[in-house]
Amino acid sequence: MKTTAIIGGSGLTQIESINIIDEQLYITPYGDPSAACILGELEGQKVIFLARHGNPHTIAPHKINYRANIWALKKAGAEQIIAVAAVGGITPEMHPARIAIPTQIIDYSYGREHSFLAEDSDPVQHIDFSYPYDEALRLQLISSAKALQLDIQAGGVYGSTQGPRLETAAEISRMERDGCDLVGMTGMPEAALARELEIPYANCSVIANWAAGKTAGEITMPEIIKNLEQGMANTEQLLRHFLLHTS
């Protein structure tokens, strides 16, 4: 069985059902990761958990050391990664509290360390990133969701913005014209870094709110928290089933 790493985003700083065996804070060539890697078991399967924003949630999206996080997971023995993220919904099917398993990503972030191959002494390499998410891993997640009869969207395009502010209505309109269905702040460079280290990677997006301009009112934290609670509860069910039946 493959060792699965779970990266927890906003609303998922820990998974209560993990039987913790050890905690390891790895020293990396790229600095400190967001938190210690939690090494444990879930449903009898080896699992590694890392809180992307730290625990407690204190690290803003543009301040996350993505290279250290992915490097630490590789060092911990991760053979595949499921990245959980809170996002906004842009297109009609991406309604709040729903889970989406996207197929593509568009990167609008800037100023982040996007590669392990960034040193002047490194040979130039170009990874194939045509399809950023591992399709076999995506299909396994979708299969688990269907088995649990969870209402998910089995596809979509994730637009990765800089944060930490939410987007303007005009920015969301542009993203929709570009083909984005979801908007989040942590999808890149995380996915590309996993590809560079040859770790299969899939995203599990929990829709916390309608994106700017897609609702008549303001986006409020109570609304986001309510939707995240429901969506993350479903996500934990999904992860447990995935680990028990497919990993």
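Numbers for the structure displayed
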{"read-out": "Number of the exception - E113 against (1) in contact with a helix residue (DSSP H, G or I) (Cβ under 6 Å, 6 or more places away or on another chain); (2) farther than 13 Å from L182 by Cβ; (3) buried (at least 18 other Cβ atoms within 10 Å of the Cβ)", "value": "(3)"}
{"read-out": "Filter pass, I90 being in contact with an Asp or Glu (Cβ under 8 Å, 6 or more places away or on another chain), open to solvent by less than 20 Å² (accessible area, probe 1.4 Å) and under 19 Å from E171 (Cβ atoms)", "value": "yes"}
{"read-out": "Looking only at region 3-12, and only at residues there that are outside any strand (DSSP E or B), farther than 11 Å from V47 by Cα and open to solvent by less than 40 Å² (accessible area, probe 1.4 Å), the one that is modelled with the highest pLDDT", "value": "G9"}
{"read-out": "Entirely in region 157-247, the strands (runs of 3 or more DSSP E) that have 3 or more residues that are surrounded by 15 or more Cβ atoms within 10 Å (Cβ to Cβ) and without any contact (Cβ under 8 Å) to a residue 24 or more places away in the chain", "value": "none"}
{"read-out": "Selection status of P123, in contact (Cβ under 8 Å) with a residue 24 or more places away in the chain, open to solvent by 10 Å² or more (accessible area, probe 1.4 Å) and more than 17 Å from T103 (Cα to Cα)", "value": "no"}
{"read-out": "I106 vs. criteria open to solvent by less than 40 Å² (accessible area, probe 1.4 Å) and either assigned to a loop (DSSP other than H, G, I, E, B) or not charged (D, E, K, R) (or both)", "value": "no"}
{"read-out": "Selection status of R67, crowded, with 18+ Cβ neighbours inside 10 Å and part of a loop (DSSP other than H, G, I, E, B)", "value": "no"}
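Here is a yes/no grid of residues against (1) crowded, with 17+ Cβ neighbours inside 10 Å; (2) charged (D, E, K, R); (3) touching a Pro at 6+ places or on another chain (Cβ under 9 Å):
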| residue | (1), (2), (3) |
| --- | --- |
| I21 | no, no, no |
| D32 | no, yes, no |
| G40 | yes, no, no |
| Q45 | yes, no, no |
| F49 | yes, no, no |
| P56 | no, no, no |
| P61 | yes, no, yes |
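The values are calculated or read from the model by the stated rules, or taken from the named source; none is laboratory data. Since this is a predicted model, take the numbers as computed values, not measurements. Here Cβ is always computed from backbone atoms with ideal geometry, including for glycine, and neighbour counts include all displayed protein chains. For the accessible areas, the whole protein counts, side chains as well, though only heavy atoms, and no ligand, DNA or RNA atoms are used. Shrake-Rupley method; radii C 1.70, N 1.55, O 1.52, S 1.80 Å.
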